[in-house]
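The values are calculated or read from the model by the stated rules, or taken from the named source; none is laboratory data. Only a predicted model underlies this, so the values are computations on that prediction, with no experimental measurement involved. Heads up, the Cβs are rebuilt from the backbone with ideal geometry, glycines too, and the neighbour counts pull from every protein chain shown. Remember, those area values only see protein heavy atoms, side chains included, never the ligands or the DNA or RNA. Shrake-Rupley method; radii C 1.70, N 1.55, O 1.52, S 1.80 Å.
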Amino acid sequence: DQQVKQNSPSLSVQEGRISILNCDYTNSMFDYFLWYKKYPAEGPTFLISISSIKDKNEDGRFTVFLNKSAKHLSLHIVPSQPGDSAVYFCAASGGGSGNTGKLIFGQGTTLQVKP
Amino acid sequence: GAGVSQTPSNKVTEKGKYVELRCDPISGHTALYWYRQSLGQGPEFLIYFQGTGAADDSGLPNDRFFAVRPEGSVSTLKIQRTERGDSAVYLCASSNLAGGWGTDTQYFGPGTRLTVL
């Protein structure tokens, strides 16, 4: 079963506008969430993360929102730039001292930012 | 400093053959992870090393897959009797895990694209 889901396989936005990427999860034990960006022929690159004790984390143009009751998180990119065009993966990990840190990934959303 | 490196970048093999995929983590990182990414999917966890030992191998699909990290640095993922369904990009990641709380950022290598004919 897919514990982390990204239901939109693709998203297209105009340069300068906001990009909103969504992610849903089913496992209530997850307590750390991350977004990775991936360009073709490269490995995923860490973008931003959020702990379950927070509902928002901001880093420059990137903001991640977490709604624990809905088991939903989103990534906002404002303003979007053509260089942001990539595949974005949502990932989650379980918490606690026994946590190995293994990440459970969603299927990814391909973002295209048009000039 | 150097990031995570993986060799080879591409590997084409025939069904039934044995392959080895290598990962060089970031120097000093104690935690090392292997993931597999199939077309159109996100990376899927395979195995996690803390130092030299495999602390979690729950993601290995079957006993044809094995990984080692004998000196706590370089790791090798080994696949015996390869099958066409093993074709995927194999990703390695490392992190500087601290205190058993797995919230440290994982840095990924570029991956090895394995094609089994």
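Flag not set for B:Val116, criterion: surrounded by fewer than 18 Cβ atoms within 10 Å (Cβ to Cβ) and at pLDDT 95 or above. When the range A:1-36 is filtered for residues that are in a strand (DSSP E or B) and touching a helix residue (DSSP H, G or I) at 6+ places or on another chain (Cβ under 8 Å), only A:Ser19 remains. What is the number of the single condition among (1) within 21 Å of B:Thr112 (Cα to Cα); (2) more than 10 Å from every other protein chain (Cβ to nearest Cβ); (3) in a strand (DSSP E or B) that A:Leu73 does not meet? Failing condition for A:Leu73: (1).
Restricting attention to the range B:1-32, the residues that are part of a strand (DSSP E or B) and either open to solvent by less than 80 Å² (accessible area, probe 1.4 Å) or farther than 13 Å from B:Ser75 by Cα (or both) total 13.
Residues that are at positive phi and in contact (Cβ under 8 Å) with a residue 24 or more places away in the chain within the range B:2-60 comprise B:Gly16, B:Gly28, listed in sequence order. Scanning the range B:43-60 for residues that are part of a loop (DSSP other than H, G, I, E, B) and at pLDDT 95 or above, which turns out least open to solvent (accessible area, probe 1.4 Å)? Per the criteria, the residue is B:Pro43. Does the range B:91-102 contain at least one residue that is at the interface with chain A (Cβ under 9 Å from one of its Cβ atoms), farther than 27 Å from A:Lys5 by Cβ, open to solvent by 40 Å² or more (accessible area, probe 1.4 Å) and part of a loop (DSSP other than H, G, I, E, B)? Within the range B:91-102 (the criterion being at the interface with chain A (Cβ under 9 Å from one of its Cβ atoms), farther than 27 Å from A:Lys5 by Cβ, open to solvent by 40 Å² or more (accessible area, probe 1.4 Å) and part of a loop (DSSP other than H, G, I, E, B)), the answer is yes, since at least one residue qualifies. Only one of the numbered conditions (1) hydroxyl-bearing (Ser, Thr, Tyr); (2) open to solvent by less than 40 Å² (accessible area, probe 1.4 Å); (3) part of a strand (DSSP E or B) is violated by A:Thr100, and that is (3).
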